[in-house]
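Here is the structure we will look at, set down as structure tokens.
The values are calculated or read from the model by the stated rules, or taken from the named source; none is laboratory data. These figures come from a predicted structure and were not determined experimentally. Quick reminder, even Gly has a Cβ in these numbers, built from the backbone with ideal geometry, and neighbours come from all protein chains shown. Keep in mind that these areas ignore ligands, DNA and RNA; they rest on the heavy atoms of the full protein, side chains included. Shrake-Rupley method; radii C 1.70, N 1.55, O 1.52, S 1.80 Å.
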Amino acid sequence: VEYLATHLHNAIRDNPNSILVAAGDIIGGSPLLSALFHDRPTIEAVNAMHLSVTSIGNHELDHGPAELMKRLGGTCPRHPSCPDAAHFQYLAANVEWADKPGKTLFPATAIRTIDGVKIGFIGETLQDTASMMPTQYTKSLRFLEESAAANAAAAQLQRQGIHIIVLLLHQGGYQNPTTGAE
């Protein structure tokens, strides 16, 4: 974390009109040391690095949406090691509550202003996320096709006068220790 934070700090120092964004798996895909403390070290680290906005990834749902909300809000009453609240924003344009069509788990978009220029961000995870997770953690959610959700969110941003739009899409991946990343 110190290595990454140092390089990000230097890059932002040299390019002051920068913003730090991510594409999911901030929580849950974290190292064991962070997981043992309910992701408190990860949340503290990305807060300190001034992460602004991220899409949701599949690992954010490793323990279901209710547990994710607790970790992000810093409200895990039975766990004294539960993290302080996240200072960054999650986006989930293509993740809806199954019993509330049209109501997304997190906002679909966010707008940030950099040096007077408004930039719209759309966050998504893969439609197949539910197939990677235990059913009990995703049964309350519906994962929509990515391009249709992204296009709808982009149209919404354009109606608000936003012309610079960034899609943060969590892709995930696999590693093969014999041949490297696929």
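Across the range 110-132, the qualifying residues are those that are in contact (Cβ under 8 Å) with a residue 60 or more places away in the chain and among the charged types (D, E, K, R), and the one among them that is most open to solvent (accessible area, probe 1.4 Å) is D115. Number of residues in the range 72-102 that are of a type in the set (V, I, T) and at pLDDT below 80: the value is 1. Hey, could you check the range 143-161 for residues that are charged (D, E, K, R) and assigned to a helix (DSSP H, G or I) and say which is farthest from T129 (Cα to Cα)? Checking each candidate, the answer is R159. Among the residues making up the range 12-27, a single one is in contact with an Asp or Glu (Cβ under 6 Å, 6 or more places away or on another chain) and farther than 14 Å from A86 by Cα: N17. For the range 32-41, the count of residues that are farther than 14 Å from L105 by Cα, surrounded by fewer than 19 Cβ atoms within 10 Å (Cβ to Cβ) and among the small types (G, A, S) is at least one.
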